[in-house]
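The structure appears right after this line, and notes come after that.
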Amino acid sequence: MTHKLAILPGDGIGPDIVAEAVKVLTALRDDFGLEVAWDEAAVGGTAYDETGHPLPAATLELAQSAEAVLLGAVGGPRWEALDHSVRPERALLGLRKELGLFANLRPAKAFPELVEASALRPEVVAGIDIMVVRELTGGIYFGEPSGVEELADGRRRGVNTLVYTSDEIERIGWVAFDIARKRSGRVCSVDKANVLEATELWREVITELGERDYPDVALSHMYVDNAAMQLVRAPSQFDVMVTTNMFGDILSDEASMLTGSIGLLPSASLNQEGAGMYEPIHGSAPDIAGTGQANPLATILSVAMMLRYSLNEAPLADRVEGAVARVLADGWRTPDIAGNGEAVGTAEMGDAVIAALRE
Ligand code: IPM
Ligand code: MG
């Protein structure tokens, strides 16, 4: 059975980094027996320019028919003045909602060669290996009512609603507990149960689930303000963190910064069937788009996550991750991680990974 992929390069550096990931997929197909085929489609601002919508119907259909989607990045200053309904970011939210991608996995792992690049002291970040499991299709991002209204007296009123049902909490809980079983067996659930009722429910449901189905996993709870503080104070205490859509948005950015390079971090967004969307967690970096300076490793590592979580090709996932670790150990650096040292370009980095794959 040939795996069918949708490739959505998107905006800014998206096409630059996705091109390197496609080279890796091509090598896996031609030299390692991966049965895979793909089609490309426009998404984000690029799609808006072409069709007037950031997520055209044809792109959504392609994504829906695929086993996995590889996305580069969306957004850029060119489209910032657009109405919310057609902003490039809407394409991401639309794909998440339409594909039912409720589970967002954002690993933040420190590569030993790069601990010096972290904003924190090397001894604080050495060895960190955190998996943020973020709920992705609920919470305040999608709750109704939402919007801005004009009041009779001329003031305006903006509303968003934080809402979770017990089944939504339970299914993200399963994902986090299952992942914890394959790692260190620890889950920290992050909420604001001291203030927000919706997250009081969150804590209750996660606690019940742990007691009932995962007595072997050590569950702890933390308020989000404390979690944000602990992440910079002593990040190595964390393994799997499970949290709401908005807290996960914020904490995953914070966790990524600990590792020294946001250019190295992949992510996966999965639905109930195991289909998923894979993307680097960094943005579209429009200032360096097309200059050949972007770091393609996060996108290449997203291919590895795709192999692992959607295509069931764990040995090849290991191989890709091993190749990336190898090029870093061998000293290959794009400008974002080069410090004052010598740097290579996007395509050279991609070629180095492919050479390491074949070794
Ligand atoms: C992310 C991004 C998105 C989010 C934006 C671009 C809609 O920040 O994937 O973390 O807030 O979810
Ligand atoms: Mg974010």
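Rounded to the nearest 5, what % of the DSSP beta bridges within the stretch 119-259 are antiparallel ones? Percentage antiparallel, nearest 5: 25. Is the stretch 1-71 rounded, prolate or oblate when judged by the Cα gyration tensor, a ≥ b ≥ c being the square roots of its eigenvalues, rounded requiring a/c under 1.5 and prolate requiring a/b larger than b/c? Oblate. The C-alpha radius of gyration of the stretch 119-259, expressed as a fraction of 2.2 N^0.38 Å, stands at 1.16. Taking every DSSP bridge with both residues inside the chain, close to 45 percent are antiparallel.
Each Lys and Arg adds +1 at its Cβ and each Asp and Glu adds -1 at its Cβ; summed about the Cα centre, the stretch 119-259 shows a dipole of about 460 debye. In this structure, the amide hydrogen of residue 132, modeled 1.01 Å from its nitrogen in the peptide plane, lies closer than 5 angstrom to those of 106, 108, 241, counting only residues at least 5 positions away or on a different chain. Semi-axes of the equivalent ellipsoid for the chain, computed as √(5λ) from the eigenvalues of its C-alpha gyration tensor and ordered from largest down, come to 31, 26, 21 Å.
Each of residue 97 and residue 226 was given a label point 7 Å from its Cα along the Cα-to-Cβ line. The distance between the two points is 3.5 nm. With neighbour counts taken as other beta-carbon atoms within 10 Å, the residues 246, 229, 1 rank, fewest first, as 1, 229, 246.
Cross-link check: pairs 23/182; 97/192; 4/109 evaluated at a Cα-Cα cut-off of 26 Å; pairs beyond the cut-off: 23/182; 4/109. Considering helices alone, the calculated mean residue ellipticity of the chain at 222 nm is -13500 deg cm²/dmol, with DSSP H runs of length four and up weighted by -39500 (n - 2.57) and normalised per residue. In percent, rounded to a whole number, the relative contact order of the stretch 136-285 is 21, using alpha-carbon pairs under 8 Å and six or more apart.
Judged by the mean number of other Cβ atoms found within 10 Å, the most tightly packed of the peptides 151-158, 5-12, 256-263, 133-140 leads the ranking 5-12, 133-140, 256-263, 151-158. Dipole check for the chain: with +1 at the C-beta of Lys and Arg, -1 at the C-beta of Asp and Glu, and the Cα centre as origin, the magnitude is about 420 Debye.
The value for the stretch 62-129 of Rg(Cα) / (2.2 N^0.38 Å) is 1.61.
With point charges of +1 on the Cβ of Lys and Arg and -1 on the Cβ of Asp and Glu, referenced to the Cα centre of the stretch 8-142, which listed residue (112, 12, 62) lies farthest in the positive direction of the dipole? The listed residue farthest towards the positive side: 112.
Taken together, the values in this text are just the output of simple stated rules run on the coordinates, not laboratory data. Everything quoted here is computed from the prediction, not taken from an experiment. Virtual Cβ from ideal backbone geometry, glycine too; neighbours counted across all protein chains shown.
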